[in-house]
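Some notes on the structure that comes next.
The values are calculated or read from the model by the stated rules, or taken from the named source; none is laboratory data. Since we're looking at a predicted model, the values are computed, not measured. Heads up, the Cβs are rebuilt from the backbone with ideal geometry, glycines too, and the neighbour counts pull from every protein chain shown.
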Amino acid sequence: MERYAVFGNPIAHSKSPTIHARFAAQTGQSLSYEAILAPLDGFAAAVAEFRAAGGRGANVTVPFKEEAFRLCQRLTSRAERAGAVNTLVFGDDILGDNTDGAGLLRDITINLGQSLAGRRLLLLGAGGAARGALAPLLAARPGRFVMVNIFPEIAAKLAAGVADLGEVATGDFADLAGQEFDVIINATSASLSGETLPLPPGIFAPGSLAYDMMYGQGETLFMAQARRMGAALRADGLGMLVEQAAEAFALWRDVRPETAPVLADLRDQLTAK
Ligand code: NDP
């Protein structure tokens, strides 16, 4: 049986083993997938041990995505752009990919049926997840693309890194006054500390989508804020999680699993808690 795993710290909460077990059953692939808690100072050693024991590939989550990037001998262009790796393929060497941004895009455009083409897009935050999302979001050809961060210079630096792909205007939250957007994606970790984002009134255009990369039981803090501020559609990041996993599975196994039934089951499990 071919072995795969997800590395993180913490890792007990990870839904990846459940998702990949479902994908394997659905596509008739014989594989195992486990969650591995890597010590904060022992990620590379944990990966080497798993690889030596016959591991064929792995996912990487917080806080190791940048370290995984440095570990790879080869990178896909989207991993190179993201500066972070969430998927490893073990062959003669280690190939690194980043499927987070593609997963986000598939969730928005396919699962939620929202086109980004020609629409006004706002990305909140300029951390790892935002960085990975920039190139895939630009490829969807938004009409206007703005990214804000508490420290706007970080956003400006990320935008400069994708300037050859398209324009991303940057600033801080105060710069949003008087603007409105059709799609607003929250890639900040503000909800984790229970903080509401300083968004000005009128920022959600009629019919707009508020997308939170974070997910949990019920409505996230950002989704609740967006509802109060008039966003017509609100979604959390559970679909992004399942879609990035499907991208990784397809890379490893050369077969694309169906995400809809897996997403529906995960949603049921979350709401039943
Ligand atoms: P990072 O720590 O790399 O980035 C966090 C970002 O949030 C930074 O831009 C930071 O700004 C900003 N931020 C933090 N607190 C606040 C606040 N109170 N107000 C405004 N901005 C704030 O995290 P990640 O990019 O890895 O993750 C971001 C979110 O995306 C998390 O909720 C994570 O769970 C989610 N995620 C979901 C995935 C999925 O599959 N659904 C995949 C990956 C991430 P500053 O520059 O000031 O530090």
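So how many residues does region 242-268 have that are surrounded by fewer than 15 Cβ atoms within 10 Å (Cβ to Cβ) and either touching a Ser or Thr at 6+ places or on another chain (Cβ under 6 Å) or in contact (Cβ under 8 Å) with a residue 40 or more places away in the chain (or both)? Adding up the residues that qualify gives 5.
Report the residue count in region 158-167 for those that are surrounded by 14 or more Cβ atoms within 10 Å (Cβ to Cβ) and in a helix (DSSP H, G or I). Qualifying residue count, region 158-167: 3. The single condition among (1) within 17 Å of the chain's Cα centre (by Cα); (2) free of Cβ contacts under 8 Å to residues at least 12 places away in the same chain that residue 193 does not meet is (1).
Within region 71-126, track down each residue that is part of a loop (DSSP other than H, G, I, E, B), over 18 Å from the mean Cα position of the chain (by Cα), among the hydrophobic types (A, V, I, L, M, F, W, C) and closer than 30 Å to residue 42 by Cβ. Of everything in region 71-126, just one residue is part of a loop (DSSP other than H, G, I, E, B), over 18 Å from the mean Cα position of the chain (by Cα), among the hydrophobic types (A, V, I, L, M, F, W, C) and closer than 30 Å to residue 42 by Cβ, namely 72. When region 198-214 is limited to residues that are under 24 Å from residue 109 (Cβ atoms) and surrounded by fewer than 19 Cβ atoms within 10 Å (Cβ to Cβ), the one that is nearest to the ligand (Cβ to nearest atom) turns out to be 205. Put simply, of 95, 71 the only residue that is surrounded by fewer than 24 Cβ atoms within 10 Å (Cβ to Cβ), closer than 25 Å to residue 161 by Cα, of a type outside the set (Ser, Thr, Tyr) and touching a Lys or Arg at 6+ places or on another chain (Cβ under 6 Å) is 95. Scanning region 55-66 for residues that are surrounded by fewer than 17 Cβ atoms within 10 Å (Cβ to Cβ) and more than 12 Å from the chain's Cα centre (by Cα) yields 63, 66. At negative phi, within 16 Å of the ligand (Cβ to nearest atom) and without any contact (Cβ under 8 Å) to a residue 24 or more places away in the chain, is that true of residue 223? Considered against the rule, which asks whether it is at negative phi, within 16 Å of the ligand (Cβ to nearest atom) and without any contact (Cβ under 8 Å) to a residue 24 or more places away in the chain, residue 223 comes out as yes.
All told, residue 21 falls short of being in the same structural domain as residue 256 (by TED's automatic domain parsing) and either more than 12 Å from residue 249 (Cα to Cα) or in contact with a Lys or Arg (Cβ under 7 Å, 6 or more places away or on another chain) (or both).
If you check 87, 61, which single one turns out to be outside the structural domain of residue 169 (by TED's automatic domain parsing) and closer than 23 Å to residue 191 by Cβ?
When all the criteria are applied, what remains is 61.
Can you confirm whether residue 184 is without any contact (Cβ under 8 Å) to a residue 24 or more places away in the chain, within 16 Å of the ligand (Cβ to nearest atom) and not in a helix (DSSP H, G or I)? Judged against the criteria, residue 184 is not a match.
Residues of region 1-18 that are in a loop (DSSP other than H, G, I, E, B), farther than 20 Å from residue 250 by Cβ and not β-branched (Val, Ile, Thr): 9, 10, 12, 13.
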